[in-house]
Amino acid sequence: MIDVWDPFLRIAHWTLAITVFGAWLTRHSAGRLHEWLGYTALVILIGRVLWGGIGPHHARFSTFVLSAAETMGYARQVLAREEPRHVGHNPLGAWMIVALIIAILLVIATGWLYTTETYWGVEWVARLHDGLSNFLFLLVALHIAGVAYSSLRHRENLVGAMVHGRKRTPAEGDHGQSV
Ligand code: HEM
Ligand code: HEM
């Protein structure tokens, strides 16, 4: 087994999931809990983005966000059911991570906008915030479906790896070649 996901990345992942989900649960509640959960998610997200530049190998965006051509090549391999196993994020999962980060930022930005004096009570801002959060949860559902699919395909527990950080090395047996 090798260490793939460092402690910061794992804590950032689960606290981000909890705060984003918590913000959704508190969407109609009185008080400021909803807003503070959103701002906590923002702090975690900023930390994760910085970590993506300076963190260890598998945390760096440059090691897993590939070009459109490479990602399409991987998607074709998935359709042909011959995609290689990736020890870090796979190229499709990587672009989903980018999409999730952008979607969360947009939800928080529109939520903040609604609290400003100029846009307070403005209907389209509230609708945009609501619509973007629906879109965000569609992405989250696809993200979880992708995790489940990859876990089954390569017979490994990716959720467990996001908890303890370890994955099997290519030498310990791969179902399909490894990258
Ligand atoms: C609001 C909910 C969620 C958000 C915003 C979210 C976001 C993310 C992000 C940003 C990453 C990249 C991790 C990194 O490199 O720092 C990631 C990876 C991952 N997430 Fe989530 N996630 C959510 C919910 C979940 C849930 C509920 C599960 C478990 C079923 C899950 C399982 C995973 C796994 C296994 C990975 C690693 C994928 C891989 O091996 O490449 N996520 N998620
Ligand atoms: C990831 C974080 C967030 C999620 C998922 C989220 C999601 C939602 C959802 C689904 C609603 C209900 C909209 C409706 O039914 O009309 C809502 C309402 C609201 N959110 Fe957020 N939100 C987040 C962050 C924030 C932040 C950071 C702020 C402000 C600083 C904020 C301010 C508000 C306000 C003021 C409302 C009430 C709008 C109204 O009166 O219709 N939200 N949010």
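Quick look at the values:
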item: For the range 58-124, size of Cβ-based charge dipole, Lys and Arg +1, Asp and Glu -1, in debye; result: 340 debye
item: Ordering of 46-56, 91-101 by burial proxy (mean other Cβ atoms within 10 Å per residue, highest first); result: 91-101, 46-56
item: The range 93-130 versus the range 1-45: alpha-carbon centroid distance in Å; result: 15 Å
item: Residues Glu82, Glu156, Glu123 arranged by fewest to most Cβ contacts within 10 Å; result: Glu123, Glu82, Glu156
item: Length-normalised contact order for the chain - Cα pairs under 8 Å, 6+ apart - percent; result: 30 percent
item: The chain - charge dipole about Cα centre, Lys and Arg +1 at Cβ, Asp and Glu -1, debye rounded to 20; result: 300 debye
item: Between helix 7-25 and the chain: long-axis angle, C-alpha atoms, 0 to 90°, nearest 10; result: 40 degrees
item: Computed FRET value (nearest 0.05) for Thr169 with Phe137, which takes r as the C-beta separation and R₀ as 41 Å; result: 0.70
item: Likely footprinting exposure, His34, His164, fewest C-beta neighbours within 10 Å first; result: His164, His34
item: Amide hydrogen neighbours beyond the local backbone of Thr169, cut-off 5 Å, H modeled; result: Ile2
item: Ranking of Phe21, Phe61 by count of other Cβ atoms within 10 Å, fewest first; result: Phe21, Phe61
item: Residue-averaged 222 nm ellipticity for the chain, from DSSP H runs of 4+ at -39500 (n - 2.57), nearest 500; result: -22500 deg cm²/dmol
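We did not get these values from a lab; they are worked out from the coordinates using the rules stated. The structure displayed is predicted, hence computed values, not measured ones. Cβ atoms come from the backbone with ideal geometry, glycine included; neighbour counts cover every protein chain shown.
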